[in-house]
Each structure stands twice: as C-alpha cells, then as structure tokens.
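The values are calculated or read from the model by the stated rules, or taken from the named source; none is laboratory data. What you are looking at is a predicted structure, and each value in this text was computed from that prediction instead of being measured. When we count neighbours, we look across all protein chains shown, and the Cβ atoms used for this are built from the backbone with ideal geometry, even at glycine. Surface accessibility is based on the protein's heavy atoms, side chains included, excluding ligands, DNA and RNA. Shrake-Rupley method; radii C 1.70, N 1.55, O 1.52, S 1.80 Å.
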Amino acid sequence: QVHVVGTGGGVVRIGESMTLSCAATGLTFNEHAMAWFRQPPGQEREFVAGVSWSGATKFYADAVKGRFTISRDNNKSVANLQMSNLTPEDTAVYYCGAGKTGWPEQSADEYAHWGRGTQVTVSS
C-alpha cells in the first residue's frame, strides 16, 4: 500500500522561510516524479513545483520561481520543498504527490498518490 506523507507546515511571517518534506513508501520511489501542489483558501489546487524521477528536471510555477526549490533524495524516498521570501499569497494547504510516471507533469491528474496536505500560513 502506498503512503505519501507531507510534513513541515505551520505559521511564518512575511519574508521568512520554511521547508516542507514528503516521504513516500510502498512504491519504487525512483520511478516516480514528485511534486507539490497547493490550494489557497477558496481556490482550486494549483501546481507549485515538480521534480523528475532522477532529480535532473525540475519545474516551477511562475509565482514561486526564484523563491522555492524542490529536491529529492532517492536513497531516503523523500522529496523536499524549500520555500523562502514567503508572502501572504503563499498561504495555502500544500499537497505532495507521487506521479504516475517519472516526468514532473503540471496537472494534478498525472499524480496517483497524494498526501493529506499540510497548512502553510504566512502572516504579517
């Protein structure tokens, strides 16, 4: 059985940093892309960042380019999202997903397994 668990959310102030971690078990981790999506209050889930099975290819949403960094450690079956210079617009529930393939697609339909979500709140 596949389990995907995202951790690391909380409350931070504007301009601060935070790292989210995603652990996936029950699958061959290095065969799957990993990605983070987020769902701001009252909005639909949106792509944030994705990394290919090897870690060589990474994609970011325009809103987070230059501020967020996604990485993965296939030996530990973990993917991380380092977030810096956070703004109130980054407030959302963040979801980690394991892709159906090794390519980091930007559509949520291409992710087969999801964590429950972790709340990130950026306050002033």
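Table for the structure above
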quantity	calculated
Leading residue by the ranking (nearest to Gly9 (Cα to Cα)) among those in region 101-124 that are assigned to a strand (DSSP E or B) and small (Gly, Ala, Ser)	Ser123
Hits in region 1-20 - residues which are closer than 16 Å to Phe68 by Cβ, part of a strand (DSSP E or B) and open to solvent by 40 Å² or more (accessible area, probe 1.4 Å)	Thr19
Unique residue being open to solvent by less than 60 Å² (accessible area, probe 1.4 Å), out of contact with any helix residue (DSSP H, G or I) (no Cβ under 9 Å at 6 or more places or on another chain) and assigned to a strand (DSSP E or B) when the list is Ala24, Ala35	Ala24
Qualifying residue in region 21-41 (condition: farther than 18 Å from Ser71 by Cβ, in contact with a Lys or Arg (Cβ under 9 Å, 6 or more places away or on another chain) and in contact (Cβ under 8 Å) with a residue 60 or more places away in the chain)	yes
Residue within region 62-69 that is within 17 Å of Val4 (Cα to Cα) and either in a loop (DSSP other than H, G, I, E, B) or modelled with pLDDT under 95 (or both) present	no
Matching residues, region 47-64, being open to solvent by 30 Å² or more (accessible area, probe 1.4 Å) and either touching a residue at least 24 places away in the same chain (Cβ under 8 Å) or touching a strand residue (DSSP E or B) at 6+ places or on another chain (Cβ under 9 Å) (or both)	Trp53, Ser54, Thr57, Lys58, Phe59, Tyr60, Ala63
Matching residues in region 57-85 - criterion: being over 15 Å from the mean Cα position of the chain (by Cα) and closer than 12 Å to Ser17 by Cα	Asn85
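Conditions tested, residue by residue: (1) at pLDDT 95 or above; (2) surrounded by 15 or more Cβ atoms within 10 Å (Cβ to Cβ); (3) among the basic types (Lys, Arg).
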residue: Lys76; (1), (2), (3): yes, no, yes
residue: Glu89; (1), (2), (3): yes, no, no
residue: Ala98; (1), (2), (3): yes, yes, no
residue: Trp103; (1), (2), (3): yes, no, no
residue: Asp109; (1), (2), (3): yes, no, no
residue: His113; (1), (2), (3): yes, yes, no
residue: Gln119; (1), (2), (3): yes, no, no
